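These notes are about the structure you will find just below.
The values are calculated or read from the model by the stated rules, or taken from the named source; none is laboratory data. Predicted, not measured: the structure shown is a model, and the values here were computed from it. Backbone-built Cβ (ideal geometry, glycine too); neighbour counts: all protein chains shown.
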Amino acid sequence: MCRLLFFLVFTVGPLMAMGQSTESASKWDRDTTAYMVVETQPQFPGGVDALRDYLRTSVRYPATAPNEKARDRVLVRVTVEKDGTLSSIRLHYGRRDDFINEALRVVRLMPRWQPGAQDGHPLRVNVVIPVEFCPDGCAFTIRR
């Protein structure tokens, strides 16, 4: 009886533990939920300063707006996938069609991001990106 117990504890026990860790890892792999808050938030390559520079150099003030000297902020919602690609790019808030179209164009051209993660496992995460429009250029104040 003692030998049988010894055999079960030292041979079957480790196999069960390996099965659990594989099951746990595959749980993260199968997870298709898009989260809002995770341990490690997704990040534009180079961080917030690089995102600010990208927006400053990429956003073009629409030709339809200069006479009005219009200012606005468009919020674009995206899902950062597990591999860092952006999907589900859609309007979260915006009032002018010309600004909305330009903001969506600029976000669609963004490079891959560093994905968000929970317990070291990459996850899909929803992010809102603010895109500002100013007739004389914007400071692009993005909160950290």
>> Can you go through R90, R124 and tell me which one is at pLDDT 95 or above, closer than 21 Å to Q41 by Cβ and within 10 Å of the chain's Cα centre (by Cα)?
In response: R124
> Looking at region 96-136, which of its residues are of a type in the set (D, E) and in a loop (DSSP other than H, G, I, E, B)?
Replying inline: D119, D136
> Where residues in region 25-54 are more than 10 Å from the chain's Cα centre (by Cα) and among the aromatic types (F, W, Y), which of them is farthest from V106 (Cα to Cα)?
Replying inline: W28
